[in-house]
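Please read the structure below before turning to the comments.
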Amino acid sequence: MEHRSSMLRIEGFYSSYLDNQRDLFVYLPPSYDQDSSRRYPVLYMHDGQNIFHPAFNGYSWNVHETIDQLVQDNKMEEIIVVGISNMGMDRSNEFTHDMDGVRYQDDKVDIRPLGHLYERFLIEEVKPYVDRIFRTKSGAEHTALMGSSRGGQVTYHIGLRRPDIFSKLGIISPYLYYVDPLTLEEFPQYHSFQSKQPISRIWIDLGSSEGLLIMEKHVREAAEKLVELGYEADNELLYLYAPEAAHVEKDWAARLISPLIHFYGNKGKARVVTLHGHDEVGMVGAKSRLNPIVEMENGLQMTLLRADYQVSNPEILDVRADGTLVAKSTGETTVTVQYQGLQASRTIRVIPETPEHVTLDIIVHVPPNTPEVIRIYAWFPLADAGHGTYTNHLRLPLHTELVFQVTRTDGRIELDQNGNPVEHKYKAAANGTVEIYVERWS
């Protein structure tokens, strides 16, 4: 008889610390009902209503499907997953800690930081309940915490504050800085810890197409600070800069196997290495870093935080161990990265100068039936230029990548003639214009 996993919904779980109620979603592994003496590690995940079920945008993490497949393929051990629903408009408040370095006063929305109370709710109310009702392995060495965006921010803070409770942290596309889209001023939203904690596994990632919301330099900065504290790069702490991935559940779902294997499996040996990055770097101007991605036998992918690089013409270019390109003279050379007997190469051109920023003009033409009182967005808010046209003039850091939809404040989105949602992609390589004609709204 085939044994299957199951899911439970616990409605209206009350928090005395936050004085509110929310639903919990619990995933139980296939063998849970077969062996009453067996206990399981537990993964706690924020934004619980999106991890098994579709979010407002129609996408889900599909955590249950990914774990079921990994367990079936003997790539990870069986676990329990607890999804803690967010509280909608209070999500930003509950996921923000009032700590040194967290400039929540300068965030894009008004923040009333409740992170410490949410932390107590999770540790003193949710976890004891789960440990009492289900057969868990309750020790920190068996307990993990994971979340994305602001959920990544709160995972970082709770996990590093309370290593006595959580020893594995999944920090997915973490919201660590607010970047003002008009001025490009950057406001940190995370605290820098000063000492290494007894955490056995840390996973940090982001996608290349998350725009100004989640920038690689900010996430890499946090990862490097943790390495400086003593977390071993590419072993205790794994990092991934995922090409083409956007800030959306379907892309988090696509790379979920990597942190799960890091926490609960054996990644095995390296299978292939690929070298990503930009093909040009200036003697002056925007900085650039290579992105060497290793795929392991069990499917885990990671960016090497430290790697062995060789440059065919070292008079033109140096490459630091962290992948940073150091231009020395104009010309072209080949860079090769090596890892566990595997290698990958990329040709890099050094030019006199690369710009720090580029400009982008967005022009959106909407259908005649679009209400004039509705605001239009194309990632950024657009100004009404009249006659059904909306525009914005932006200044963006070089290499910024966006995946976006044209949306309205009433929730309607752009559809094509077949009724399918339309996604637009943009890479900031040079000054340019994006002109969009909306055929219809949802």
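Scanning the range 106-116 turns up at least one residue that is surrounded by fewer than 16 Cβ atoms within 10 Å (Cβ to Cβ) and basic (K, R).
One line per residue, one yes/no per condition, for (1) out of contact with any Lys or Arg (no Cβ under 9 Å at 6 or more places or on another chain); (2) polar (S, T, N, Q); (3) buried (at least 20 other Cβ atoms within 10 Å of the Cβ); (4) not in a loop (DSSP other than H, G, I, E, B):
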| residue | (1), (2), (3), (4) |
| --- | --- |
| E221 | yes, no, no, yes |
| E228 | yes, no, no, yes |
| Y241 | no, no, yes, yes |
| E244 | no, no, no, no |
| H247 | yes, no, yes, no |
| W252 | yes, no, yes, yes |
| P259 | no, no, yes, yes |
| H262 | no, no, yes, yes |
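Mind listing just one residue for me: the one in the range 201-220 that is touching a Leu at 6+ places or on another chain (Cβ under 8 Å) and either charged (D, E, K, R) or in the same structural domain as A378 (by TED's automatic domain parsing) (or both) and, of those, nearest to A254 (Cα to Cα)? That would be D205.
Residue by residue, here is whether (1) in a loop (DSSP other than H, G, I, E, B); (2) at pLDDT 95 or above; (3) closer than 16 Å to I123 by Cα holds:
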{"position": "M1", "(1), (2), (3)": "yes, no, no"}
{"position": "M7", "(1), (2), (3)": "no, no, no"}
{"position": "R22", "(1), (2), (3)": "no, yes, yes"}
{"position": "Y27", "(1), (2), (3)": "no, yes, no"}
{"position": "A55", "(1), (2), (3)": "yes, no, no"}
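Across the range 404-416, which residue is farthest from the chain's Cα centre (by Cα) among those that are part of a loop (DSSP other than H, G, I, E, B) and within 15 Å of R440 (Cα to Cα)?
Here is the first cut: in the range 404-416, the ones part of a loop (DSSP other than H, G, I, E, B) are 405, 409-412, 416.
Add one more test, that the residue is within 15 Å of R440 (Cα to Cα), and what stays is 405, 410-412, 416.
On the way: Q405: 19, D410: 27, G411: 24, R412: 25, D416: 28 Å.
So, considering only residues that are part of a loop (DSSP other than H, G, I, E, B) and within 15 Å of R440 (Cα to Cα), the one farthest from the chain's Cα centre (by Cα) is D416.
For residues in the range 58-84 being in a loop (DSSP other than H, G, I, E, B) and closer than 28 Å to F121 by Cα, which is modelled with the lowest pLDDT?
Quick first cut of the range 58-84, residues in a loop (DSSP other than H, G, I, E, B) only: 58-62, 73-75, 77-79.
Filter once more, keeping what is closer than 28 Å to F121 by Cα: 59-62, 77-79.
On the way: Y59: 79, S60: 86, W61: 91, N62: 93, E77: 97, E78: 97, I79: 98.
Among residues in the range 58-84 that are in a loop (DSSP other than H, G, I, E, B) and closer than 28 Å to F121 by Cα, the one modelled with the lowest pLDDT is Y59.
Yes/no matrix, rows are residues, columns are (1) under 23 Å from Y264 (Cα atoms); (2) in contact (Cβ under 8 Å) with a residue 60 or more places away in the chain:
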{"site": "H278", "(1), (2)": "no, yes"}
{"site": "K287", "(1), (2)": "no, no"}
{"site": "L290", "(1), (2)": "no, no"}
{"site": "E297", "(1), (2)": "yes, no"}
{"site": "Q301", "(1), (2)": "yes, yes"}
{"site": "L305", "(1), (2)": "yes, yes"}
{"site": "Y309", "(1), (2)": "no, no"}
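The residue of the range 35-53 that is nearest to P421 (Cα to Cα), among those that are at pLDDT 95 or above, out of contact with any Ser or Thr (no Cβ under 6 Å at 6 or more places or on another chain) and of a type in the set (A, V, I, L, M), is M45.
Are there strands (runs of 3 or more DSSP E) fully within the range 336-403 with at least 3 residues that are among the small types (G, A, S)? List them.
383-386
Quick one: which of L305, L325, L360, L317 is in contact with a helix residue (DSSP H, G or I) (Cβ under 9 Å, 6 or more places away or on another chain), crowded, with 17+ Cβ neighbours inside 10 Å and on the phi < 0 side of the Ramachandran plot? Only one candidate passes the filter, namely L305. With respect to (1) free of Cβ contacts under 8 Å to residues at least 40 places away in the same chain; (2) over 20 Å from Q301 (Cβ atoms), the lone exception for H191 is condition (1). Residues that are surrounded by fewer than 24 Cβ atoms within 10 Å (Cβ to Cβ), under 18 Å from K225 (Cβ atoms) and of a type outside the set (A, V, I, L, M, F, W, C) within the range 160-176 comprise R161, P163, listed in sequence order.
Reported count of residues in the range 388-438, each being surrounded by fewer than 13 Cβ atoms within 10 Å (Cβ to Cβ) and either outside the structural domain of Y377 (by TED's automatic domain parsing) or among the hydrophobic types (A, V, I, L, M, F, W, C) (or both), is 1.
Can you spot a residue in the range 145-152 that is farther than 24 Å from L256 by Cα, modelled with pLDDT of 95 or more, in contact with a helix residue (DSSP H, G or I) (Cβ under 6 Å, 6 or more places away or on another chain) and in a strand (DSSP E or B)?
The first filter runs over the range 145-152 and keeps only residues farther than 24 Å from L256 by Cα, leaving none.
No, that holds for no residue.
Within the option set R132, R91, being assigned to a helix (DSSP H, G or I), more than 28 Å from E185 (Cβ to Cβ) and out of contact with any Ser or Thr (no Cβ under 9 Å at 6 or more places or on another chain) holds for one residue only, R132.
For the range 275-297, the criterion of being among the hydroxyl-bearing types (S, T, Y), assigned to a strand (DSSP E or B) and not assigned by TED's automatic domain parsing to the domain that holds H387 is met by none of the residues. Of the residues making up the range 196-219, those that are in a strand (DSSP E or B), farther than 21 Å from F166 by Cβ and touching a residue at least 60 places away in the same chain (Cβ under 8 Å) number 1.
The values are calculated or read from the model by the stated rules, or taken from the named source; none is laboratory data. This is a predicted model, so every value here is computed, not measured. We place every Cβ from the backbone using ideal geometry, glycine too, and count neighbours over all the protein chains shown.
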